[in-house]
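Reading through the structure tokens given below for one structure.
The values are calculated or read from the model by the stated rules, or taken from the named source; none is laboratory data. Keep in mind the model is a prediction, meaning the values are calculated, not measured. Note: ideal-geometry Cβ built from the backbone for every residue, glycine included; neighbour counts use all protein chains shown. Accessible surface areas use protein heavy atoms only, side chains included; no ligands, DNA or RNA. Shrake-Rupley method; radii C 1.70, N 1.55, O 1.52, S 1.80 Å.
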Amino acid sequence: MNQKLFFSGLIAMFLLSAIGHFAHFNNTAQFIISAIAIIFVAGFLGKATESVAHYAGQRLGGFLNATFGNAAELIIAIFLIKEQQFAMVKASLTGAIIGNLLLVLGLSILLGGLKYKEQRFNSRLADHNSTLMIMAVIGLFVPAVFVVSEKFTFDKDQFLSLAVAGILIVSYILWLVFSMVTHKDMLADEVMNADHGEKPAWSKGKSIFFLLLATVMVAFVSEWLVHTLDAFSAQFGLSELFIGAFVIAIVGNAAEHSAAVILAMKNKIGAAVEIAIGSSLQIALFVAPVLILISALFGNTMDIVFTPIELTAIGVSVFIAKSVSRDGQTNWYEGVLLIMVYIILGIAFYLV
């Protein structure tokens, strides 16, 4: 898309979303406008992050892209927590995890594979990512199993949720130390670090400013979007599970979609995997636990107990993503498999 046309669309949709919110447009119209606006804003966020990543280096850049790409989901979830819509928060977290592992990674591998017969990335990084994904499943699975015990009171449930949240956050921070400090050379990717002669979109200062501006814009549009969800889901008879796991997740993942796919088509599959899998890991090991702590600050702690449906979706996604990425090489058919699993889950969630 032409850059001037993109920014014209960004400004127009942001202003239209603001007008729709404050002028109290029809809820369906507000939802559609805000959803389109957040896709534009997430795209802006992706462009700014990619530009900052150029100055930070590809490995740190992939981390920044995953982090700021998750800003939309995190901010939307905070507003949902404020409204005490805990079921939708967990559904949106589930959707973000499976969306990154299946849709974002699947599209990246498919479109990159159509251009290059086989793409490779660091197999050691793939092994560590696989182990971390299993750790994330364990962290979400154990509380769901144990809280069904009659001995588990409400207070014990909350304590377990806060304890697991703290452990997952520490695990994620130590992973960052391991992957970016003590073992960064072992996990480096030659293709990711190669100089392709590309120039960043903006200067370093302007890139940082746009990154902060995009994050603020995401915050505003996210709040406007959240206010329309109840009426929208009621009007079309959609469950909170489907709205959270697919609608919010797809809209919120727009930044990762664009950045990861573009990198894969430039034969930087390592960076694309870093964004897709790294983003899922960040959601499970950092964002979800942080939201537990934030809910406690609001005075009503959200537990970390996910439903059997949500856990099944996450477990299936981790299993297929681990199978595809563990050897450090990909082809277009593996991308198709990931997308097919995503479609299967989408149909199942819609019918719930």
Given SER239, SER207, SER203, SER233, which one is of a type in the set (S, T, N, Q), under 30 Å from TYR55 (Cα atoms) and open to solvent by less than 60 Å² (accessible area, probe 1.4 Å)? SER207
May I ask you to list the residues in the range 114-152 that are touching a residue at least 12 places away in the same chain (Cβ under 8 Å), more than 14 Å from GLY315 (Cβ to Cβ) and among the β-branched types (Val, Ile, Thr)? VAL147
Could you run through the range 4-47 and say how many residues are open to solvent by 30 Å² or more (accessible area, probe 1.4 Å) and in contact (Cβ under 8 Å) with a residue 60 or more places away in the chain? 5
With respect to the numbered conditions (1) in contact with a helix residue (DSSP H, G or I) (Cβ under 8 Å, 6 or more places away or on another chain); (2) open to solvent by 60 Å² or more (accessible area, probe 1.4 Å), which one is the sole condition not fulfilled by LEU64? (2)
Would you pick out the residues in the range 257-302 that are open to solvent by 10 Å² or more (accessible area, probe 1.4 Å) and of a type in the set (Gly, Ala, Ser)? SER258, GLY278, ALA296, GLY299
Filter the range 55-94 down to the residues that are modelled with pLDDT under 75, more than 18 Å from the chain's Cα centre (by Cα) and part of a helix (DSSP H, G or I) and list them by number. ALA56, GLN58
Being of a type in the set (Val, Ile, Thr) and closer than 26 Å to ALA201 by Cα is the requirement here; does ILE97 meet it? no
Matching residues in the range 273-309 - criterion: being of a type in the set (Asp, Glu) and under 17 Å from ILE134 (Cβ atoms): none
